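Enquirer: Once you've had a glance at the structure underneath, I'll fire off some questions.
The values are calculated or read from the model by the stated rules, or taken from the named source; none is laboratory data. Given the structure is predicted, the values throughout are model-derived calculations rather than measurements. We place every Cβ from the backbone using ideal geometry, glycine too, and count neighbours over all the protein chains shown. Heads up: the accessible areas ignore ligands, DNA and RNA and are worked out on the full protein's heavy atoms, side chains in. Shrake-Rupley method; radii C 1.70, N 1.55, O 1.52, S 1.80 Å.
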Amino acid sequence: MPDAAGEAGALPGFGGILERLIFGRRSLIVALFALGTVILGTAALRGLRIDTSFTKTLPVHHEYMRTYLDPKVVEFQGANRVLVALIARDGNMFTPEFFAALRKATDEIIVMDGIDRTRVQSIFTPNVRYLEVVEDGIEAGNVMPEDFTPTPQNMARVRDNIRKAGIIGRLVANDFSGALVSAIVLDQDAQGRPVDPIAVGHALERRVRQPLEHPPIDVRMIGFAKVVSDIADGAASVVMFAGVTLVLTLLAVRIYCQSWRIACVPVLCSVVAVIWQLGSLVVLRYGIDPVGLLVPFLIFAIGVSHGVQKISAAADAALAGLDSEAAARRVFRQLLMPAIIALLADLVGFVTILLIPVQVIREMAITASIGVAIVILTDLVLLPVLVSYVHFGPGYGGRVERRQRQLTALWRRMSALTARGPALAIIVIAALLAAAGWWKGRETPIGDTQAGVPELRASSRYNRDNDVITSRFSIGVDVLTAIIETRQPLCVSHDLMAGVDRFAWHMRNVPGVQDVITLPFIAKVAIAGWNEGSLKWRSIPREETQLTQSTRYIETSTGLLNENCDVVPVMMFLTDHRAATIARAVAAVKQWRAQNPLPGAEVRLAAGNVGVMAATNETVKSRELLILAGVFGAVIVMCLLTFRSVVGTVLVVAPLALVSVLVYAVMAVVGIGLKVSTLPMVALGAGIGVDYGIYFFSRMQEFLRQGLTVRESYVHTLRVTGASIIFTGITLAIGVATWVFSPLKFQADIGIMLTFMFLVNMLAAIILLPALAAWLIRPASTAAATY
């Protein structure tokens, strides 16, 4: 085989020093890696934890989050809310059994660790009150009387109190079939320690759902704490799929390598890299967020991808008659620079997602960067050393030679792709695909595409609970809160109260807004009550004394005002948190704010969980092009430095760009939104996908420099590395394709994305790259001078 690099002696300079250092101390290197694996593996088993926090999901520098984190707004944040609904299966909540269960649920949640006890609300809490005008004046009291006993008379009394309190649809089902307990999960406990939302979710299951759910009553739960606890429970399936991926990869590598001993080398090195990565997280006192559970899969895939390239080169060396150590040295020399550049491209893909100012994503980037750094060690050091110990066996060379003869005819037929006619057709098809992908990709939404929690299946218990609660109540956990901040108390200003009331009416008529709760609305009800309940009096009074009277009995515990009445929330309950719903509501707030300025007041966005989602969606949108530009810019620079050829750089980057465009089209077709869990995968997939092109063109460039034509160079490259690239793409795609069956929908979505990226990047590298080369590379007579 013509391969000048392969027959060269030791690499000059730093490469030669590395070769002598590594292969001169093989036993020591194996011992150090074994010791490190035992230590870090033990650390991972004992100390690795799932670490999540609501504040880690906040883009803290965004305008909305500056409002959300403002100390004056803390009591109105309401984003980390949980709702527990008790539903009577017979449709009647006014039974002794139901009220006993609701009281028990309320009591358990109030004393639960991590819950803000002062902001728990249900018909059994003293902060849920009614107000009415009676013959002697105003009567106010708790919805649930202190002397309540479950008699028919008291049940009727409570039903009447519920109507007077105006909590139908908010804390009581619209059809009186159930009631809610609403609670806020704290960020920190009384000792200043972070509250674990996973523990809160599990406590809700253990102390509320399990003891109270029985044939007469259903218990439904939604909220951030339940989401992350359900995802954490699904982590067992992630481990199962890890095992499936490992077994499938090992079997596929065995089929390709024709030897179990050789097949175990890249798989073992990849497993070592994952163990070191997980152990390093423990040493650095990091946990792993549920969204980051898939990062070890990517590290494993990167390790296998690079490992198979080296095993393929080792098989080629064995076919040339070299022994194990000589073959390992030859592999090290041949693939040192391509491997370094490809792994640096992977590393850049991970590092660029640090540009997303969300802590959970930055932790994912750090976790992945640690993994890639370790893969550099295992791929460039451990793998060649292990190959040097593998005995190829007397029949191994014959098996590899027979396979190469079988594939030679295929490579010859594929070489026709480099003829200018077929090459032009491929380029035109690629251009049309790029145009179609760009057109369709514009439809990819920024944010979620479904009503429930997109990280879980539509059939999951959480999403079923969400459907029941949103269908029976007028509110859910999807709340967008605008904050009205005034220079004087809003409670005594007719103009400000009327302005906020007009704002609430405007938002109530926006499609996707289910209900709006504001202080002026409650004040109007109170004023009507002072006037025998007449609807004619349900308006904002102009007299300051009447205004004061209308809000006198509205306590701060209701969450409708602060102590000075200069910060007032407007809580908008949305039908769902789809990207379009959020964008429409936020746009309506901004439009009203611009067209209707309130003198002496400021309308600020945003609190509530939808405020957080809106900030996150806008952050993703603003960083999307910047991240992709960073990935492609770094890849272009590294290719220019490595290949020292603008044409060579174009040949590597153009297929990658095509696949990146097509990924957006696939996301639009499948219904995957661009958000904090998928944007990193687009960037990471681009970093991993470029590996194919780098390895392919680095070998092709060697043959071009020997004066061979593009067609001859293509055939030789296919024979040397084509099979390994095709095999790697198919193997990795099969491994991640199994994720489609995961109970975690975000894992299934990412599995679809990565399967597409692995396969299409591979096809683009072996089909589009040579087609472009046929038109961009000069004839063989001058190729040697250029390449």
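Enquirer: Would you say ARG220 is within 19 Å of VAL185 (Cα to Cα) and among the charged types (D, E, K, R)? Show your work before the answer.
Expert: Values: within 19 Å of VAL185 (Cα to Cα): yes; among the charged types (D, E, K, R): yes.
For ARG220, the condition - within 19 Å of VAL185 (Cα to Cα) and among the charged types (D, E, K, R) - is met.
Enquirer: In the stretch 699-721, is there at least one residue being farther than 22 Å from GLY303 by Cα, aromatic (Phe, Trp, Tyr), modelled with pLDDT of 85 or more and surrounded by fewer than 24 Cβ atoms within 10 Å (Cβ to Cβ)?
Expert: No: zero hits.
Enquirer: Filter the stretch 50-90 down to the residues that are within 24 Å of the chain's Cα centre (by Cα), over 27 Å from GLU108 (Cα atoms) and either in a loop (DSSP other than H, G, I, E, B) or without any contact (Cβ under 8 Å) to a residue 40 or more places away in the chain (or both) and list them by number.
Expert: Passing the criteria: LEU58, PRO59, VAL60, HIS61, HIS62, ARG66, LEU69.
Enquirer: Out of (1) surrounded by fewer than 19 Cβ atoms within 10 Å (Cβ to Cβ); (2) in contact with a Gly (Cβ under 7 Å, 6 or more places away or on another chain), what's the single condition that is false for LYS440?
Expert: (2)
Enquirer: So which of LEU336, LEU354 ends up being without any contact (Cβ under 8 Å) to a residue 24 or more places away in the chain and surrounded by fewer than 19 Cβ atoms within 10 Å (Cβ to Cβ)?
Expert: Working: LEU336 fails: without any contact (Cβ under 8 Å) to a residue 24 or more places away in the chain.
It is LEU354.
Enquirer: How about the stretch 362-387: which of its residues are surrounded by fewer than 21 Cβ atoms within 10 Å (Cβ to Cβ) and either farther than 23 Å from TYR286 by Cβ or over 35 Å from the mean Cα position of the chain (by Cα) (or both)?
Expert: Within the stretch 362-387, LEU380, VAL381 qualify.
Enquirer: Within the stretch 505-523, track down each residue that is modelled with pLDDT of 90 or more and open to solvent by 10 Å² or more (accessible area, probe 1.4 Å).
Expert: Matches in the stretch 505-523: TRP505, HIS506, ARG508, ASN509, VAL510, PRO511, GLY512, VAL513.
Enquirer: Restricted to the stretch 186-222, and to residues that are modelled with pLDDT of 90 or more and of a type in the set (Lys, Arg), which residue is nearest to SER460 (Cα to Cα)?
Expert: For the stretch 186-222, the residue satisfying everything is ARG220.
Enquirer: Kindly establish whether ASN564 is in contact with a strand residue (DSSP E or B) (Cβ under 9 Å, 6 or more places away or on another chain), surrounded by fewer than 18 Cβ atoms within 10 Å (Cβ to Cβ) and either closer than 21 Å to PHE473 by Cα or not aromatic (Phe, Trp, Tyr) (or both).
Expert: Considered against the rule, which asks whether it is in contact with a strand residue (DSSP E or B) (Cβ under 9 Å, 6 or more places away or on another chain), surrounded by fewer than 18 Cβ atoms within 10 Å (Cβ to Cβ) and either closer than 21 Å to PHE473 by Cα or not aromatic (Phe, Trp, Tyr) (or both), ASN564 comes out as no.
Enquirer: Let me ask something additional. May I ask you to list the residues in the stretch 620-637 that are open to solvent by 10 Å² or more (accessible area, probe 1.4 Å) and touching a residue at least 24 places away in the same chain (Cβ under 8 Å)?
Expert: Correct list: LYS621, ARG623, GLU624, LEU626, LEU628, GLY630, PHE632, ALA634.
Enquirer: In the stretch 277-319, which residue that is open to solvent by 10 Å² or more (accessible area, probe 1.4 Å) and of a type in the set (D, E, K, R) is farthest from ILE688 (Cα to Cα)?
Expert: Selected residue: ARG285.
Enquirer: Go through the stretch 478-504 and count every residue that is open to solvent by less than 20 Å² (accessible area, probe 1.4 Å) and either closer than 18 Å to THR581 by Cα or assigned to a helix (DSSP H, G or I) (or both).
Expert: Step one: filter the stretch 478-504 for residues open to solvent by less than 20 Å² (accessible area, probe 1.4 Å), giving 478-484, 486, 490-491, 493, 496-500, 503-504.
Restricting the remaining residues to those that are either closer than 18 Å to THR581 by Cα or assigned to a helix (DSSP H, G or I) (or both) gives 478-482, 490-491, 496-500, 503-504.
Adding up the residues that qualify gives 14.
Each row is one residue, and each column tells you yes or no for (1) part of a helix (DSSP H, G or I); (2) acidic (Asp, Glu); (3) touching a His at 6+ places or on another chain (Cβ under 7 Å).
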| site | (1), (2), (3) |
| --- | --- |
| ARG604 | no, no, no |
| VAL610 | yes, no, yes |
| VAL635 | yes, no, no |
| MET638 | yes, no, no |
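Enquirer: Is it the case, given these coordinates, that ARG403 is closer than 23 Å to THR678 by Cβ and open to solvent by 30 Å² or more (accessible area, probe 1.4 Å)?
Expert: Here the answer is no, as ARG403 does not meet what is asked.
Enquirer: Okay, next question. How many residues are open to solvent by 20 Å² or more (accessible area, probe 1.4 Å), over 15 Å from THR449 (Cβ atoms) and either of a type in the set (D, E, K, R) or outside any loop (DSSP other than H, G, I, E, B) (or both) when one looks only at the stretch 571-601?
Expert: Of the residues in the stretch 571-601, 8 are open to solvent by 20 Å² or more (accessible area, probe 1.4 Å), over 15 Å from THR449 (Cβ atoms) and either of a type in the set (D, E, K, R) or outside any loop (DSSP other than H, G, I, E, B) (or both).
Enquirer: Also: Considering only the stretch 669-680, state which residues are assigned to a helix (DSSP H, G or I) and either of a type in the set (Lys, Arg) or over 21 Å from LEU626 (Cβ atoms) (or both).
Expert: Our first condition is that a residue be assigned to a helix (DSSP H, G or I); within the stretch 669-680, this holds for 669-670, 679-680.
Result: VAL669, VAL670.
Enquirer: Please go through (1) more than 30 Å from THR57 (Cα to Cα); (2) part of a helix (DSSP H, G or I) for HIS391 and return the number of the only condition it doesn't satisfy.
Expert: Against the list (1) more than 30 Å from THR57 (Cα to Cα); (2) part of a helix (DSSP H, G or I), HIS391 comes up short only on (2).
Enquirer: Moving on. Among the listed residues VAL666, VAL647, which satisfies the condition of being touching a helix residue (DSSP H, G or I) at 6+ places or on another chain (Cβ under 6 Å), closer than 30 Å to GLN450 by Cα, assigned to a helix (DSSP H, G or I) and open to solvent by 20 Å² or more (accessible area, probe 1.4 Å)?
Expert: Being touching a helix residue (DSSP H, G or I) at 6+ places or on another chain (Cβ under 6 Å), closer than 30 Å to GLN450 by Cα, assigned to a helix (DSSP H, G or I) and open to solvent by 20 Å² or more (accessible area, probe 1.4 Å) holds for just one of VAL666, VAL647, which is VAL666.
Enquirer: Before we move on, is VAL661 closer than 25 Å to GLU618 by Cα, at pLDDT below 90 and open to solvent by 30 Å² or more (accessible area, probe 1.4 Å)?
Expert: So VAL661 does not fit the description; no.
Enquirer: Could you please give the count of residues in the stretch 241-262 that are open to solvent by less than 20 Å² (accessible area, probe 1.4 Å), in a helix (DSSP H, G or I) and farther than 26 Å from VAL740 by Cα?
Expert: Of the residues in that region, 2 qualify.
Table: residues versus (1) of a type outside the set (Asp, Glu); (2) in a helix (DSSP H, G or I); (3) under 30 Å from GLY292 (Cα atoms).
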| residue | (1), (2), (3) |
| --- | --- |
| GLN404 | yes, yes, no |
| LEU407 | yes, yes, no |
| SER415 | yes, yes, no |
| ALA423 | yes, yes, no |
| VAL428 | yes, yes, no |
| GLY437 | yes, yes, yes |
| GLU443 | no, no, yes |
| ASP448 | no, no, yes |
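Enquirer: Kindly evaluate ILE730 against the criterion of being assigned to a helix (DSSP H, G or I), surrounded by fewer than 18 Cβ atoms within 10 Å (Cβ to Cβ) and touching a residue at least 40 places away in the same chain (Cβ under 8 Å).
Expert: Considered against the rule, which asks whether it is assigned to a helix (DSSP H, G or I), surrounded by fewer than 18 Cβ atoms within 10 Å (Cβ to Cβ) and touching a residue at least 40 places away in the same chain (Cβ under 8 Å), ILE730 comes out as yes.
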